[in-house]
Amino acid sequence: MFIRSKMTLLCASAALALGVAMSSGASKAAEMGSMHIAFGDIPGADMLGFMIAAKRAESRGVKLKISFLQSEDLASQAIVSGQADIGVGTPYALIQKVKAPIRMFYQLSKLAFFPIVNTEKYKGWKDLDGQPMYTHARGSGTEAIMNLMAMKNNIKYSAMSYVPGSAVRAGAMLQGRIDATIVDAERRTLLMREGKGKFALLPLPKIDASDEALYANTEFMEKNEEAINILLEELVLTWREINKNPGYVSKARAEYNLLPDMPASDAEGIDPYYAEAVETKIFDDNGGGEKAILGDFEFYDFAGTIKGDTSKLTVEEFWNLAPLNKALDKLGRM
Amino acid sequence: MSRTLVDSVYIPPETSSFDTMIIWRTISVLFVFGSWEIAGRIPISIAFPTFFETMTALFEMIMDGRLAHAYFETLKPLLVGVGISAGFGVLIGTSMGLYRSVQWLGEPIFIVMQAAPMAALIPLVTFVYGIGLAAKVCAVVILAAPIIVLNSYKAVTNANVSLIQMCASFQGSRVQQIIRVIIPDASPMIFAGLRLGVAAGFIGVILAELLITPTGIGDLITYHRSVAEYADMYAAIFSIILFAAVTIGLLEKAEIAYFRPERKKKKGS
Amino acid sequence: MTTVIASPTQEEHSRVNDTAQEIVEVSGITKVYPGGTVALRGVDLAFPKGKMTTLLGPSGCGKTTLLKIIAGLLDATEGVVRVNGKEVSGPGPERAFVFQDFALLPWATVLTNVGFGLEMQGVDKATREAKSRSYITKVGLAGFEDNYPHELSGGMRQRVGLARALAVSADVLLMDEPFSAVDEQTRRLFQEELLRLLAMENKTVIFVTHSIEEAVYVSDQIVLLSPRPGRINRVVIPGIERDGKTPDEIRREPGFLDTVEDIWDTLKKYLDEERMV
């Protein structure tokens with residue numbers, strides 16, 4: 001859900017080439033058909049986990065192709081219209097409001113965002129009463145978190161402004177244009193390091209909601225059961241591997257030659273990024289599952305993404321957990 | 001000298017039945033909206049609402065004040081940006097047409113600006129102007145100004161030589177020549193440039209609201225898209241198209257009323 | 001009755017010069033356009049006061065160029081223009097121009113257009129309008145004061161142009177093919193009116209045309225120019241008895257017909273020469 005401003009376009013083209021390589025590489029799996037995956041963002045370090053799992057699935061005969069689209073909305077439209085098969089995002093609104101024939105089936109990551117303030121102006125939540133706030137976009141997770149905290153602390157922001165991209169908001173913090181915002185883990189570390197003690201994180205209760213999930217057209221899932229199962233098994237195994245050893249990502253990146261054109265400075269950020277991600281527990285060993293979904297209902301209802309009475313919502317309306325359960329039955333639950 | 005000597009008097013062509021025009025225009029509008037309704041009912045995409053749903057959403061947005069609030073936000077950068085572009089644009093363009101040195105100074109800049117895909121530069125505007133009002137105003141100006149400048153410049157350069165000579169033959173000063181002949185003669189093309197400039201300004205402000213920070217109409221579009229409320233999204237898009245068309249139409253009316261009395265009379269007769 | 005003079009310097013234009021003094025004189029006018037085209041070379045001419053002189057010649061002989069140099073709208077490469085004995089280097093209040101394409105402001109009414117010259121001279125609005133109205137009536141456009149040029153026919157538009165030139169009370173009217181954009185009937189009516197108006201106003205007129213008949217019909221003297229570079233070939237003084245005759249009778253006059261024939265012979269030679277080249 002955040003924009004990686006540092007990533008170069010070169011990287012994007014290289015990744016597209018990778019997609020092509022992936023689709024042509026698996027000859028023995030021709031009978032299994034191919035899966036076209038659409039990311040709603042430009043390629044970045046956070047996608048490496050998925051790319052590793054994809055490479056591993058490929059070696060088991062699954063044919064994969066990855067495209068990087070401009071936005072999550074575009075990616076979801078591509079899935080709905082059948083131009084791509086598997087999307088990345090949390091399309092709750094799309095499913096609920098226009099009855100899009102898609103279901104989510106694997107939680108890639110949980111929301112992990114960090115409210116941060118300039119201590120020269122604010123010390124705690126209460127100081128933000130009557131102050132301007134900056135979040136990613138209307139209806140986004142970042143806005144929902146900040147509004148939730150305002151409600152819990154009984155304060156009110158003077159205005160909510162939308163500045164898409166954690167990197168952009170972090171830049172504005174460093175330049176002193178804004179004094180309070182919410183950023184992702186990567187930018188939290190950056191701000192704490194570059195701010196030289198000027199910035200402080202505000203306490204946040206644990207928020208259990210999906211940031212990114214895999215979803216697909218229901219018809220596609222029925223027809224490609226076997227391939228999806230292989231992909232899910234490799235995803236679960238890769239996620240568990242990363243949780244055990246975050247350094248696995250850069251090793252596997254070298255092994256599979258993933259995002260080869262990534263600038264060295266960005267590549268150096270891979271290890272710390274995954275170490276942090278694991279530390280903040282954004283990768284679930286069991287692919288989310290039912291308990292993650294109930295957390296989503298609550299959070300996305302608050303965010304305004306889901307409308308109506310959440311107690312009446314059923315998991316089946318939004319998710320298809322059968323393939324994941326099948327994979328977990330085989331691999332065992334942790 | 002008697003009036004009998006006056007030769008054939010100009011008779012304006014009959015406004016070949018006003019009613020026929022109305023009928024055809026209505027058919028044109030009905031055709032577009034009808035096709036929209038049908039396309040929405042098929043549906044061509046789950047993200048494409050029917051015309052009726054869109055109008056319902058538009059009505060709701062008008063009634064609950066969301067639209068008014070959005071326009072209040074969008075109009076700020078639009079008005080400031082178009083104001084700057086129009087004021088300075090006409091001034092610079094006219095000066096380019098009148099003075100060689102200004103022409104040589106300005107021509108390369110504005111021709112490149114007009115030819116270049118300025119919309120692609122909007123995200124870069126944030127590096128200089130940040131993410132606030134200034135960036136959006138700048139986006140409007142970089143899209144609107146070149147066309148206004150170049151049209152004014154060309155209009156003045158192509159001002160009727162015969163009229164300029166006529167003015168000179170009656171010992172009109174340079175200032176009289178500019179004010180009484182060149183500018184009025186150039187005004188149709190200057191206004192054409194202003195209309196195009198305002199249209200470009202609309203593009204600029206919407207791009208800025210989509211690409212820089214979502215506010216106003218851009219926010220309505222992105223927000224409703226992100227939460228899959230497509231009828232609301234199309235309602236916002238429909239409203240801005242309608243608003244732009246009406247604004248440009250009014251600009252034409254203003255031009256005729258204040259600068260082209262002879263055309264006003266022609267239309268009225 | 002036609003008097004033909006080999007050169008205008010031979011001061012024997014009896015009819016013209018008996019009483020008249022020369023209000024406009026050009027001497028040694030040469031015009032070279034950028035690019036080297038020589039439009040006029042060494043033109044010496046005198047225009048007698050209160051008379052109508054026509055500059056006639058094939059296209060490209062520089063007649064309009066000469067007129068615009070006299071008007072001060074073009075600079076001569078060499079030579080001088082004198083008006084009332086004074087050298088001039090630009091437009092002046094003693095000369096008014098009537099344009100071939102009328103040069104009316106399309107966004108202004110007949111009244112404003114006629115008053116334009118006065119406006120440029122700083123005449124106040126009330127005086128300007130009163131004067132304009134009187135000239136609009138004189139050229140036969142009363143009732144059209146509030147019309148716009150596009151509502152008028154070509155002939156009516158040129159009346160506006162004429163009224164504008166008359167309104168500034170210049171001594172010399174410079175007319176550049178004023179009837180060329182007008183149909184033949186209108187043209188003839190217009191010529192009559194012009195002669196009548198000029199008789200009332202006592203103006204000196206320098207008139208450019210490419211119509212031999214028109215030149216012969218309206219002029220007191222006709223200056224025939226040779227093709228590029230324009231030089232003075234002959235000055236012809238048509239001797240036509242007008243008194244008590246209708247326009248059609250005048251056009252059937254032997255004097256009229258002979259003069260037309262005579263000029264045509266001269267111009268035909270140029271055409272033949274051109275064809276040889």
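The values are calculated or read from the model by the stated rules, or taken from the named source; none is laboratory data. Values in this document were obtained by computation on a predicted structure and should not be read as measured data. As a convention, Cβ positions derive from the backbone with ideal geometry for all residues, glycine included, and neighbour counts pool all protein chains shown. Ligands, DNA and RNA are excluded from the accessible area calculation, which covers all protein heavy atoms including side chains. Shrake-Rupley method; radii C 1.70, N 1.55, O 1.52, S 1.80 Å.
So here's what we get for this one:
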| read-out | value |
| --- | --- |
| Surrounding net charge for residue A:310, when Lys and Arg each add one and Asp and Glu each subtract one, Cβ distance under 12 Å | -3 |
| Estimated FRET transfer efficiency (residue B:76, residue B:35; beta-carbon r; R0 25 Å; 0.05) | 0.10 |
| Chains B and C, summed buried accessible surface - 1.4 Å probe, Å², nearest 100 | 3200 |
| Candidate lysines - alpha carbon under 20 Å from residue B:136, same-chain residues fewer than 8 apart omitted | B:76 |
| Charge dipole magnitude, Cβ of K and R +1, D and E -1 - the protein assembly as shown, Cα centre, debye nearest 20 | 1300 |
| Gain upon complete extension [residue C:271, residue C:185; 0.36 nm per residue less C-alpha separation] | 28.2 nm |
| Solvent-accessible area lost in complex, 10 Å² minimum, residues of the stretch B:165-180 relative to chain alone, 1.4 Å | B:165, B:166, B:167, B:168, B:169, B:170, B:171, B:176, B:180 |
| Computed FRET value (nearest 0.05) for residue A:285 with residue A:151, which takes r as the C-beta separation and R₀ as 41 Å | 0.80 |
| Whether chain B is rounded, prolate or oblate, judged on the alpha carbon gyration tensor where a/c under 1.5 counts as rounded | oblate |
| Compactness relative to 2.2 N^0.38 Å, alpha carbon Rg of chain A | 0.99 |
| Kirkwood-based Rg to Rh ratio, chain C, C-alpha trace | 0.96 |
| 5 angstrom amide H check on residue C:97, placed H, neighbours 5+ away | C:174 |
| Residue A:221 accessible area, 1.4 Å probe, all protein chains in place, Å² to nearest 10 | 10 |
| Nearby lysines by direct alpha-carbon distance to residue A:223 (threshold 30 angstrom, same-chain neighbours under 8 apart not counted) | A:28, A:55, A:63, A:65, A:97, A:99, A:110, A:291, A:312, A:326, A:330 |
| 1.4 Å probe accessible area per residue over the protein assembly as shown, in Å² | 44 |
| Minimum 30 Å² accessible area buried by the other protein chains, the stretch B:226-242 residues, probe 1.4 Å, relative to alone | B:226, B:227, B:228, B:229, B:230 |
| Cβ-derived FRET efficiency at R0 56 Å, residue A:126 paired with residue B:157, nearest 0.05 | 0.30 |
| With DNA, RNA and ligands ignored, accessible area of residue A:133 (1.4 Å probe; Å², nearest 10) | 0 |
| Net charge over other residues, Cβ less than 11 angstrom from the Cβ of residue A:319 (K, R count +1; D, E count -1) | -3 |
| Proximal lysines to residue A:196, defined as alpha-carbon separation beneath 28 angstrom and excluding residues fewer than eight positions away on the same chain | A:6, A:121, A:123, A:126, A:206, A:281 |
| Theoretical gain in end-to-end length, residue C:192 to residue C:258 [0.36 nm per residue, Cα-Cα removed] | 21.7 nm |
| Distance from the stretch C:86-132 to the stretch B:200-214 (C-alpha centre basis), Å | 50 |
| For the stretch A:173-183, Karplus couplings with θ = phi - 60° (6.51, -1.76, 1.60), whole Hz, Gly/Pro x | 5, 5, 7, x, 6, 10, 10, 8, 6, 9, 10 |
| Heavy atoms of residue C:171 accessible to a 1.4 Å probe, total area in Å² rounded to 10 | 60 |
| Share of carbon and sulfur in the accessible heavy-atom surface of chain B [1.4 Å probe, %] | 73 |
| For residue A:35, residues with placed amide H under 5 Å, excluding near neighbours | A:63, A:64, A:65 |
| Cα pair distances of the protein assembly as shown binned at 10 Å [whole percent] | 2, 10, 15, 15, 12, 9, 8, 8, 9, 7, 4, 1, 0, 0 |
| Net charge of neighbours whose Cβ lies under 10 Å from the Cβ of residue C:118, counting Lys and Arg as +1 and Asp and Glu as -1 | +1 |
| Residue A:219-residue B:102 pseudo-label distance in nm [points 7 Å out on the Cα-to-Cβ vector] | 6.4 |
| Accessible-area composition of chain A, carbon plus sulfur, in percent [1.4 Å probe] | 53 |
| Euclidean distance of C-alpha centroids, the stretch C:47-76 and the stretch C:253-270, integer Å | 21 |
| Accessible-area composition of chain C, carbon plus sulfur, in percent [1.4 Å probe] | 48 |
| Residues in the stretch B:206-220 occluded by at least 30 Å² - accessible area, probe radius 1.4 Å, against chain by itself | B:214, B:219 |
| Computed Rg/Rh of the stretch A:107-246, alpha carbon atoms with Kirkwood Rh | 1.09 |
| Accessible area buried, both sides summed, chains A and B with 1.4 Å probe, Å² | 1600 |
| Per-residue HN-Hα couplings for the stretch A:48-63 [Karplus 6.51, -1.76, 1.60; θ = phi - 60°; Hz; x = Gly/Pro] | 4, x, 5, 5, 5, 4, 4, 4, 5, 5, 4, 5, 9, x, 8, 8 |
| Estimated vicinal HN-Hα couplings, Hz - the stretch B:60-70 in sequence order (Karplus 6.51, -1.76, 1.60; Gly, Pro = x) | 4, 5, 5, 5, 8, x, 4, 5, 4, 4, 4 |
